[in-house]
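Worksheet: one structure, shown below.
The values are calculated or read from the model by the stated rules, or taken from the named source; none is laboratory data. Quantities reported herein were computed from a predicted structural model and do not represent experimental measurements. With ideal geometry, Cβ positions are generated from the backbone for all residues, glycine too; neighbour counts draw on all protein chains shown. Surface accessibility is based on the protein's heavy atoms, side chains included, excluding ligands, DNA and RNA. Shrake-Rupley method; radii C 1.70, N 1.55, O 1.52, S 1.80 Å.
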Amino acid sequence: SIALLQFLLRRISGMPVMIVVTYRDNETPRPHPLHRLRIEARAAACAQSLSLRTLSLDDLHELTEALREIPDLAPAKLLAVSDGNPLFLTQFIEDLRKGRHTAPPTSLPALVAGRIDLLSPDAQSAAEIAACIGVRFSHDALRDVSGWDEAALGNALDELFDRRIVREAGGRGLFEYAFSHQIVHDAIVAAVQPERAAVRHRRVARVFEELYADRASELSATIARHYDLAGDGANAARCYLTAVRRSIGLGALDEARSMADRALAISNDPRVHADVLLECETIASRRANRAAQESALIALQTLAQSLADPELQRIILSRRIEFALNVNDTATLDTAIRELKACTPHDDAHWTGKLHIADAKLAFLLGRLAESNAAAEVALECARAANDETAAAEALCSLATVEAHRGNLSEADALFDEAARAATNDPVLEDLSLSSAFQIAYNRRDVERCLSLGQRWLDLADALGDRRAEARAHSHLGIALSSAGAQYAQAREHLASAVRFFTEVGDVTGTAAQLLNQAVIETRLGFFDRAVAATEKAVALFESLNEGRGRAIGLGNLGLFRAYTTNVAGARAAAREAVALARQLEFGVIEASALENLAFADAAAGDLTEAIAHAEAALEIRARSQSEAWSSRTLADLAVWQAASGNLAAARDYVRRLLADEKSIAISAEPEYCYWAAAQIFHLEGKTAEASRALARARAMITATADGLDPADRASFEAIPWHADVAAAARGAWPNPPR
């Protein structure tokens, strides 16, 4: 229910739709996920809470005035008997009318106990058995647990209905009956002798397993609780383990952890402990709780040694590998891979494939794309030999990611499509494939697809309860929204959510990546000093981690941002280092971006020849990598630089190429700059009408974006040099030559 409400909250907050949700305070303690949902809903300014209070003494004074025909209705007595609960107050008044009370009860528990005492022996027994089953129960379960015939059972149920002890349950499900109130159920349970209750709970558990065998997983938590209450620890732990796995699959991680702790407490079987600890490690991983995750891995290692189980040892090592990957601990990662190699049989295709996937991920982390690609290809062969679709999807995602970073987007797309088909119905693999798909869509500047993938990623992370995936989804949505333009407030919110998570868990790589993303937004809004500071901090963090890809991106961005702040020498040095590093690591798309930023720094230094050469080299890489959608700004720069060099014919050709793909302009980071560049070239050629139209489009785009910004952001945005030039040209003051 909560997952559904979270899903709806993000989609209908702007629509004329009202959803009414009821819940009981005593069933939602502070850690309950409902509280997080309420906070999110209130933050979105689309929700309010109403508390339904119990009846007060004043309410009861008013009620007694309306019921004068009933004797002994002192308001204070009514309040004591009912605790202000309208259901029990109504039942008490009904009993008074029918003369069932010789002496009025003194409290609500006494009232409930009195109503139960009035039942026939068969009805009391049926109520006790039903209460043992739970607040809700079914006719079939009650019959099989009690062993009664249909006639006796029917008579007892009729009496319970007549006395409003039980009622028909609303909604769908296995259990068609329910107690009229939790208090009634609890009072009946409390009256049963513990020894008799234990026998009944064991009987309920066995009946459930036989009667609902096809839904054993769905009912596993209930069955486990009954075995637990019966004192049958072995069967309880077995069912708790099933329930834990089901809860993890549903994203109910708090519930899963609670049941896992109970299973560990009541089981003496080392094998069960190992299975439960593996699930605890999964929960901790989803929650990004490194301490709990490492604790589970240490406990598992001890168990694996005592059980002398090589398969368990391999599973633990594979978990250690994933743990090291998430924290970018290359030393631990390398050690775990070597240990896994040492205990993997040469003829085991499954584990050999797992090893090569680990090698591929380590090589990618170190920026060795050729090694990563080769290892992923071997992993794919092993997965196919073992008919392991899950491993195949993982290998295909690794290959797609490598090709995307090399700039081979068509190949990456084909690999991703194949991976997506293999990942069907596996949410963990879907999370992995979404990462590859987003990388491809972003390099193609397909903003709509980026937004769609980012939202799907966020929904999936919510469903899994995976905080790390949720943070990455927020990060990618922030990137996509800033790329879409004019949605910077939302983009900042998403990035801030990602930063909070990565900071909380001490994920240095994640924090550095968010600094880069935030710097891009600050640059777009004209806060160039902020962008430089954030990017320099990110580069230092990547360098401390020996993370080549992030460092190459950061250095390339510094080539642009420092040029904006007139630190031209620093801009050129950073961009040159980025180009060399990206080329060394075979990151083709990053190399193209670094070359574009180096070209801008060259132009800022007055070296237009170098600027033009570097920009054209970037265009060649873009064409090979099919990421030309990023080329609009570069074409605009080349037009301006050619005109400034006196080559108006070349400038005209670049403008022609620029305007031939206005869709790419629309999704570029700075579409207004592209039209401003075209306007300048048209103006130099004396094409007044074309210049005016291009200038008007640039001006309209600047105004549209500025109108959606707060005052401080707007002032900075409008002060960006080319924005100021556009405003000046609109007043007739064209810069000459272009700049």
Check: Can you tell which of ASP117, ASP95, ASP83, ASP122 is acidic (Asp, Glu), more than 17 Å from SER56 (Cα to Cα) and touching a helix residue (DSSP H, G or I) at 6+ places or on another chain (Cβ under 6 Å)?
Finding: ASP122
Next item on the list: Name every residue in region 202-224 that is assigned to a helix (DSSP H, G or I) and open to solvent by 20 Å² or more (accessible area, probe 1.4 Å), in order of residue number.
Entry: ARG202, ARG203, ARG206, GLU209, GLU210, LEU211, ALA213, ASP214, ARG215, ALA221, THR222
Item checked: Test for ILE129: is it within 16 Å of PHE88 (Cβ to Cβ), touching a helix residue (DSSP H, G or I) at 6+ places or on another chain (Cβ under 6 Å) and buried (at least 16 other Cβ atoms within 10 Å of the Cβ) -> no
Check: Looking at (1) assigned to a helix (DSSP H, G or I); (2) open to solvent by less than 60 Å² (accessible area, probe 1.4 Å), can you tell me which one ARG693 breaks?
Finding: (2)
Next item on the list: Check whether at least one residue in region 606-620 is in contact (Cβ under 8 Å) with a residue 40 or more places away in the chain and buried (at least 22 other Cβ atoms within 10 Å of the Cβ), and report yes or no.
Entry: no
Check: Do the conditions hold for SER664, that is, is it outside any helix (DSSP H, G or I) and out of contact with any Gly (no Cβ under 8 Å at 6 or more places or on another chain)?
Finding: no
Note to self: I want to confirm something. Restricting to region 72-104 and keeping residues that are of a type in the set (Val, Ile, Thr) and open to solvent by 20 Å² or more (accessible area, probe 1.4 Å), which single residue is modelled with the lowest pLDDT?
What the structure shows: THR102
Notebook entry, point to check: From TRP676, TRP722, which residue is of a type in the set (Phe, Trp, Tyr), open to solvent by less than 60 Å² (accessible area, probe 1.4 Å), touching a residue at least 12 places away in the same chain (Cβ under 8 Å) and more than 20 Å from ASP653 (Cβ to Cβ)?
Noted result: TRP722
Margin query: Yes or no: region 168-181 includes at least one residue that is in a helix (DSSP H, G or I) and either open to solvent by less than 30 Å² (accessible area, probe 1.4 Å) or at pLDDT below 95 (or both).
Written below: no
Notebook entry, point to check: Within region 403-454, which residues are open to solvent by 40 Å² or more (accessible area, probe 1.4 Å), within 24 Å of ARG549 (Cα to Cα) and not in a helix (DSSP H, G or I)?
Noted result: ASN408, ARG444, ASP446
Notebook entry, point to check: Looking at ALA513, ALA486, ALA491, ALA498, which is the one that is modelled with pLDDT under 85 and closer than 24 Å to ARG445 by Cβ?
Noted result: ALA486
Notebook entry, point to check: Pairs under 7 Å by beta carbon, first residue modelled with pLDDT of 80 or more and surrounded by 12 or more Cβ atoms within 10 Å (Cβ to Cβ) in region 53-71, partner assigned to a loop (DSSP other than H, G, I, E, B) and of a type in the set (Gly, Ala, Ser), six or more apart or different chains?
Noted result: THR54/GLY84; LEU55/GLY84; SER56/GLY84
Margin query: When you check SER49 against the structure, is it open to solvent by 20 Å² or more (accessible area, probe 1.4 Å), farther than 19 Å from SER180 by Cβ and not charged (D, E, K, R), yes or no?
Written below: yes
Check: When the residues of region 235-288 are filtered to those that are β-branched (Val, Ile, Thr) and more than 26 Å from the chain's Cα centre (by Cα), which remaining residue is farthest from ARG467 (Cα to Cα)?
Finding: ILE266
Margin query: Looking at VAL568, VAL579, can you tell me which residue is surrounded by 24 or more Cβ atoms within 10 Å (Cβ to Cβ), β-branched (Val, Ile, Thr) and within 25 Å of LYS537 (Cβ to Cβ)?
Written below: VAL579
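Conditions (1) free of Cβ contacts under 8 Å to residues at least 40 places away in the same chain; (2) open to solvent by less than 30 Å² (accessible area, probe 1.4 Å); (3) in a helix (DSSP H, G or I), marked per residue:
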| position | (1), (2), (3) |
| --- | --- |
| GLN313 | yes, no, yes |
| ILE316 | yes, yes, yes |
| ARG320 | yes, no, yes |
| PHE323 | yes, yes, yes |
| ASN328 | no, yes, no |
| THR335 | yes, no, yes |
| PRO345 | yes, no, no |
| HIS350 | no, no, yes |
Check: Does any residue in region 657-672 that is within 11 Å of ALA484 (Cα to Cα) and touching a residue at least 24 places away in the same chain (Cβ under 8 Å) come within less than 7 Å, Cβ to Cβ, of a residue that is open to solvent by 60 Å² or more (accessible area, probe 1.4 Å) and hydroxyl-bearing (Ser, Thr, Tyr) six or more places away or on a different chain, and which pairs are these?
Finding: none
Check: Just wondering, is there one or more residues in region 562-579 that are among the hydrophobic types (A, V, I, L, M, F, W, C), assigned to a helix (DSSP H, G or I), touching a Phe, Trp or Tyr at 6+ places or on another chain (Cβ under 6 Å) and under 30 Å from ARG624 (Cα atoms)?
Finding: yes
Notebook entry, point to check: Looking only at helices (runs of 4 or more DSSP H) that fall completely inside region 80-155, which ones have 1 or more residues that are among the hydroxyl-bearing types (Ser, Thr, Tyr)?
Noted result: 86-97, 121-133, 139-146
Item checked: Residue in region 679-690 that is surrounded by the most Cβ atoms within 10 Å (Cβ to Cβ), counting only those that are touching a residue at least 40 places away in the same chain (Cβ under 8 Å) and of a type in the set (A, V, I, L, M, F, W, C) -> ALA679
Next item on the list: Return yes or no: is ARG164 within 46 Å of the chain's Cα centre (by Cα), on the phi > 0 side of the Ramachandran plot and at pLDDT below 95?
Entry: yes
Margin query: Of everything in region 225-248, what is open to solvent by 30 Å² or more (accessible area, probe 1.4 Å) and assigned to a helix (DSSP H, G or I)? Give them in sequence order.
Written below: ARG225, ASP228, LEU229, ALA234, ASN235, ARG238, THR242, ARG245, ARG246
Notebook entry, point to check: Which residues, taken from region 360-392, are among the basic types (Lys, Arg), in a helix (DSSP H, G or I) and within 29 Å of GLN584 (Cα to Cα)?
Noted result: LYS361
Next item on the list: Output the residues belonging to region 324-333 that are out of contact with any helix residue (DSSP H, G or I) (no Cβ under 6 Å at 6 or more places or on another chain) and either polar (S, T, N, Q) or modelled with pLDDT of 90 or more (or both).
Entry: ASN326, THR330
Next item on the list: Quickly run through region 494-511 and pick out the residues that are part of a helix (DSSP H, G or I) and surrounded by fewer than 16 Cβ atoms within 10 Å (Cβ to Cβ).
Entry: ALA496, ARG500, THR503, GLU504
Item checked: Any hit, region 455-473, residues being over 21 Å from ALA324 (Cα atoms), open to solvent by 10 Å² or more (accessible area, probe 1.4 Å) and in contact with a Ser or Thr (Cβ under 9 Å, 6 or more places away or on another chain) -> no
Note to self: When you check VAL428 against the structure, is it within 26 Å of the chain's Cα centre (by Cα) and either at pLDDT 90 or above or among the aliphatic types (A, V, I, L, M) (or both), yes or no?
What the structure shows: yes
Notebook entry, point to check: Any residue in region 583-597 that is over 28 Å from ARG624 (Cβ atoms) and crowded, with 18+ Cβ neighbours inside 10 Å?
Noted result: no
